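The next block holds one structure in the form of structure tokens; read it before the comments.
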Amino acid sequence: MKTTKSRANFKIAQLAIPGGVNSPVRAFRSVGGDPLFIKKAKGATVEDVDGNTFIDYVLSWGPMILGHANPGVLKAIIKAAQQGTSYGAPCQAETDLANVIIQAVPSIEQVRLVNSGTEAVMSAIRLARAYTKRDKILKFDGCYHGHADHLLVKAGSGIATLGIPDTPGVPKDFARHTLTAPFNDIVATEKLIHKHAKDLAAIIVEPVAGNMGVIPPTDEFLPWLRMITQKYEIVLIFDEVITGFRVHFGGAQALYKVLPDLTCLGKIIGGGLPIGAYGGRKDIMQMIAPAGPVYQAGTLSGNPVAVAAGLETLRQLKKPGVYKELEKKSKTLAEGLGESAKAAKIPYYQTRVGSMLGGFFTEGPVTDYTSAKKSNTVQYGKFFHGMLKKGVYLAPSQFEAMLLSTTHSDSMIKQTISAARNVFKIL
Ligand SMILES: *Cc1c(COP(=O)(O)O)cnc(C)c1O
């Protein structure tokens, strides 16, 4: 595979941009080698600057559930842009997107649009603290909630990949308010809650963990979190930035039928343009300025072009059969990968919720960050590069999800499984 141009691009990029990338996981640090520079993308494929094309299972880390350059989304973006790209004043489309979100996501009664998932989570936590008049929050090891100061504690993929335990630049006084417990561990979580109940503003969780590989919740975990947070009047926040409109049109909360107080969204709701949102119970949301005293603002929030891309994406996702089809293809792929690993006698633990797939290079079971970290990351790196050479672009980290779009065809899935069968054999 020729990568001359990507390598040249990367050299130049590193002079101008720290590490040559604008987000750390894009660099191939954990799998070795240099990142590919992408020239264009269409449907389920991306093409790099050297002219290599790949079946893409990263999908910009989640947003591109309809595949790249969806014609309807492009049309909506162009139409919106022609009316001006930002007003700094309200427009109808913002209310339209808010209403689509409210109708789709069971626990959301009101919603505020922001510009990224990070911003959504940061704002939801501020709101929960204001609402409860408490300072502490509890998160789960290996869950990622964006890069806000108080959330960069045991924060999953990007950090796991780079091996930064707790990032410099975060004051101890901030991190001090963040408690962490193992994902899926009711006993450990309960202990922490009992000890800190009076100070706990919020418990935040990815209902399906997607930033330490993909780890589904146990049957008891989310219902128990709902029960215990209600008991101690702690705000329960679901970070559905990945799972929202991915595992179900109404997010993981619709799939598992557990309703949080607040929900964070991002990725898919912007159709590939920058966006985020947080919403939930009206009595809590009414505390946000200008309705209430909790300040949160944004020059580009509710940007008409991003909103148009999001609205069109959600319109297409709402069509009957979309999630059924995604489920079918994802199941075929997951089973194919699992069987290929087994045939090659490679320890491999396959997880999946809808079109989110995890493949851990370990015997398993993988239920939390500790068990995820038992994975053989060197072997994953070899698998990653083997697949790349066969035209399959996976996330350049063991601790990321493999994602499908509606444009991944049956033949692409077949091709991916057959590539995996060959690569597993030579590991
Ligand atoms: C991607 C992600 C975020 C951060 O969103 P950005 O738009 O990258 O700021 C937060 N939480 C989860 C669960 C995510 O997957």
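The values are calculated or read from the model by the stated rules, or taken from the named source; none is laboratory data. If you're wondering where the values come from, they're calculated on a predicted model, not measured in any experiment. Please note: Cβ atoms are built from the backbone with ideal geometry, for glycine as well, and neighbour counts cover all protein chains shown. Heads up: the accessible areas ignore ligands, DNA and RNA and are worked out on the full protein's heavy atoms, side chains in. Shrake-Rupley method; radii C 1.70, N 1.55, O 1.52, S 1.80 Å.
Summary of packing: across the peptides 354-363, 418-427, the per-residue average of other C-beta atoms within 10 Å ranks them, highest first, as 354-363, 418-427. When the pairs 133/267; 11/389; 328/382; 267/425; 136/282; 75/389 are compared against a 25 Å limit on Cα-Cα distance, 133/267; 328/382; 267/425; 75/389 fall above it. Subtracting the Cα-Cα distance of residue 389 and residue 11 from 0.36 nm times their residue separation leaves 133.9 nm of extension gain.
Accessible surface computed residue by residue for segment 243-338, with neighbouring protein chains in place and a 1.4 Å probe, gives 38 Å² per residue. Between residue 230 and residue 370, the simple label model (points 7 Å from Cα in the Cβ direction) yields a spacing of 3.0 nm. For segment 209-268, the residue among 248, 223, 262 whose Cα projects farthest onto the positive side of the dipole built from Cβ charges is 248. Binning the C-alpha pair distances of segment 68-194 at 10 Å intervals from 0 yields a P(r) profile of 10, 28, 30, 21, 10, 1 %, listed from the shortest bin outward. In order along segment 136-145, the phi-based Karplus estimate (6.51 cos²θ - 1.76 cosθ + 1.60, θ = phi - 60°) of 3J(HN,Hα) comes to 7, 10, 10, 10, 10, 3, x, 7, 10, 10 Hz; Gly and Pro are listed as x.
Entry note: the chain has Rg to Rh equal to 0.95, where both radii use alpha-carbon atoms and Rh is the Kirkwood radius.
Each peptide in 43-51, 205-213, 272-280, 389-397 gets a packing score, the mean of other Cβ atoms within 10 Å over its residues, and the list from highest to lowest is 205-213, 272-280, 389-397, 43-51. Each Lys and Arg Cβ is given +1 and each Asp and Glu Cβ -1; about its Cα centre, the chain then shows a dipole of about 820 debye.
For residue 300 and residue 197 in one chain, what is 0.36 nm times their gap in residues minus the Cα-Cα distance, to one decimal in nm?
Gain in length upon complete extension: 33.4 nm.
Computed from label points 7 Å out along Cα-Cβ, the spacing between residue 148 and residue 415 is 4.1 nm. Close amide H partners of residue 351, meaning residues 5 or more places away or on another chain with modelled amide H under 5 Å apart, are 358, 359, 360. Packing-based ranking of 290-297, 333-340 yields 333-340, 290-297, ordered from highest to lowest mean Cβ neighbour count within 10 Å.
With both labels modelled 7 Å from their Cα along Cα-to-Cβ, the residue 220 to residue 287 distance reads 3.1 nm. Taking Cα centre as origin and charging only the Cβ of basic (Lys, Arg, +1) and acidic (Asp, Glu, -1) residues, the dipole magnitude of segment 1-96 rounds to 340 debye.
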